[in-house]
Every structure is written in C-alpha cells, then in structure tokens.
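Participant: Would you mind keeping the following structure in view while I ask a few things?
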Amino acid sequence: TLKAKERGPLRFAADLFAVRQRGTGATEGGIAEDYVLGTGDRLGLSAFGSATFELPLQVDGRGEVVIPKVGAVKVGGLSLGKARGAVQALVSRNFSATTVDLSVTKLREVRVFVLGEVYISGSYLVPSLSSLVNVLSLAGGPTPSGSFRQIRVMRGGRLVHTLDLYPLRAEGLGNMNFSLQNGDTIFVPLAANQVLLEGA
C-alpha cells in the first residue's frame, strides 16, 4: 500500500486512519429532531389511535412522502420534528384521534468530493449525516504532507466547516456528525510548519 512505503516518524493523529471502513447508512433511531429531510431518506411511520398502522416511507424526488389512502405531504427541507407535525396534520384530517410518530430508518446518500493531500482523492457516496473522519478514512486520510489541523468543508465555493484532528486525537473532541449535501468538497490543504519530538 501507499502508506507502507512511507518512512519517518508517525504523525500525531495518523492512527485515526489506520483502518478504512465504509458505513452502511442504517440508523438506530439516533437521528436528531433538527435533521433536515431530503430526497432518498427512508422513514418509518407509526400511527396509533382510531387508526393503527406502521408504514415504511421514502422521500421522493418532489420532497414528498405518500401515505396510502391518506395522501401526500411535503417533508423535504423540513426538520424531522417539523415533518412529524406535517404528517400528523395530514393523518388527523382522515383519522381524528390518531397520533403519529416519524423516524428516520435509513439516511439518503450524497456524493461528496475528497480532494487535496489525501491518498485516494475522488468522489464518494456517503450517508448524508456522516462523521468527517469516516469520510476522510474512505480516501485513506491525509498524506504526510497534508494538514491535520485545517481540513475544510466547502459548499458552493464557500467554507462551511473546518476540522482540527488534534483535539479529536488528544481529547476525543470534534468528531461530530456533519450534515453533508451533494457536491460538498472536503479539502485537505498542505500542512504548515511541523516539528519532530523525540526521546522520553
């Protein structure tokens, strides 16, 4: 592999990328209420009361979910919490004493670009809510000349987020799930000055 040919000391935080993994995009009900739904998200609808049913739903290309015998409602662009309210309003028009619950069962996938000083630059299909470290791992992580401190997420030519791997490696801070959109670019620039520490 490319990494096997490298010489010299191991960089601090390089061990974060020792194993390349591809996530499945499945969720365990841990999606926050402020997650914004979009085309391709798969949902689970549970209704109980005067009508009781469970349905798998998928947000279609118009940003809608279609509930058989009830109707369609637009949820694309809404947070999960607001989408639940919109679905509740639609169901209540048909079944007055029915309460609904809405959950995300599988995240949509988006195509992002990982560029700059990484081992395998290119485009990757990843879950829309992904850890940036996991996405970087798909590209092998930063090369020896790549920055671990100023990793950038660019959207439409604008900087929307930066990632510093040192607090993550030292204290477990900063590896949050980030809501990615189609066309986002994760860019690893050249590293600035580096120092070598040796001995005890």
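The values are calculated or read from the model by the stated rules, or taken from the named source; none is laboratory data. This is a predicted model, so every value here is computed, not measured. Every residue, glycine among them, receives a Cβ derived from its backbone with ideal geometry; neighbour counts consider all protein chains shown. With ligands, DNA and RNA removed, areas are computed over all heavy atoms of the protein, side chains included. Shrake-Rupley method; radii C 1.70, N 1.55, O 1.52, S 1.80 Å.
Participant: Can you find, within the range 73-83, the residue that is most open to solvent (accessible area, probe 1.4 Å) among those that are touching a helix residue (DSSP H, G or I) at 6+ places or on another chain (Cβ under 8 Å) and among the aliphatic types (A, V, I, L, M)?
Facilitator: L78
Participant: Scan the range 148-167 for residues that are out of contact with any helix residue (DSSP H, G or I) (no Cβ under 9 Å at 6 or more places or on another chain) and either under 13 Å from F187 (Cβ atoms) or crowded, with 22+ Cβ neighbours inside 10 Å (or both) and report the count.
Facilitator: The qualifying residues number 9.
Participant: Among the residues of the range 168-178, which ones are at pLDDT 70 or above, open to solvent by 50 Å² or more (accessible area, probe 1.4 Å) and not acidic (D, E)?
Facilitator: R169, A170, N177
Participant: State all residues of the range 128-147 that are under 11 Å from P189 (Cα atoms) and crowded, with 16+ Cβ neighbours inside 10 Å; if no residue qualifies, say none.
Facilitator: P142, T143, G146, S147
Participant: Across the range 40-71, what is the number of residues that are open to solvent by less than 50 Å² (accessible area, probe 1.4 Å) and assigned to a loop (DSSP other than H, G, I, E, B)?
Facilitator: Qualifying residue count, the range 40-71: 7.
Participant: Suppose the filter is among the polar types (S, T, N, Q), modelled with pLDDT of 90 or more and in contact with a Phe, Trp or Tyr (Cβ under 7 Å, 6 or more places away or on another chain); does T162 pass it?
Facilitator: Numbers: among the polar types (S, T, N, Q): yes; modelled with pLDDT of 90 or more: yes; in contact with a Phe, Trp or Tyr (Cβ under 7 Å, 6 or more places away or on another chain): no.
So T162 does not fit the description; no.
Participant: Go over the candidates L159, L136, L168 one by one and state the one that is in a strand (DSSP E or B) and under 29 Å from V104 (Cα atoms). I'd like the intermediate steps shown before the answer.
Facilitator: Numbers: L136 fails: in a strand (DSSP E or B); L168 fails: in a strand (DSSP E or B).
Answer to the selection: L159.
Participant: Any residue at all in the range 187-199 that's more than 30 Å from R42 (Cβ to Cβ), more than 13 Å from the chain's Cα centre (by Cα), modelled with pLDDT of 90 or more and not in a strand (DSSP E or B)?
Facilitator: Yes, the range 187-199 contains a residue that is more than 30 Å from R42 (Cβ to Cβ), more than 13 Å from the chain's Cα centre (by Cα), modelled with pLDDT of 90 or more and not in a strand (DSSP E or B).
Participant: Right, here's the next one. Does L125 satisfy being open to solvent by less than 40 Å² (accessible area, probe 1.4 Å), without any contact (Cβ under 8 Å) to a residue 60 or more places away in the chain and part of a strand (DSSP E or B)?
Facilitator: Against the criterion (open to solvent by less than 40 Å² (accessible area, probe 1.4 Å), without any contact (Cβ under 8 Å) to a residue 60 or more places away in the chain and part of a strand (DSSP E or B)), L125 does not qualify.
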